[in-house]
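Quick notes on the structure that follows.
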Amino acid sequence: MNTEDKQVTSKMDVKPKAKITTMNSGSSTLTDLFAMQTEVALLQSMARSKTLTIMVVVGVLGFAGFILFLYKMAG
């Protein structure tokens with residue numbers, strides 16, 4: 001029974017190694033900054049998902065309709 005306990009504790013004591021990241025020589029920091037923008041990620045996701053595209057279009061139309069409604073009520 002002691003040998004099993006030692007094996008379990010030795011596996012738990014092992015720490016994962018840190019991931020070392022280096023910049024690729026072909027990668028530009030300007031393109032990296034552009035790719036990290038929220039809008040770019042949204043457009044990339046919308047290109048892959050029809051459902052997300054429909055949800056975004058419906059949301060924009062609903063928001064625009066609400067703004068138009070508020071404008072008509074105020075005027």
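The values are calculated or read from the model by the stated rules, or taken from the named source; none is laboratory data. Bear in mind that the values here come from a model prediction, so they are computed numbers and not experimental data. So basically every Cβ, Gly included, is an ideal-geometry build from the backbone, and we count neighbours across all protein chains shown.
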Practice task
Could you grab the pairs with beta carbons closer than 6 Å, sequence gap of 6+ or different chains, first residue in the stretch 53-75 and closer than 30 Å to A41 by Cα, second one assigned to a helix (DSSP H, G or I)?
Solution key: T53/M46
Exercise for the section: Pick out, from the chain, the helices (runs of 4 or more DSSP H) lying fully within it that include 3 or more residues that are more than 17 Å from the chain's Cα centre (by Cα) and at pLDDT 95 or above. Expected result: 50-74
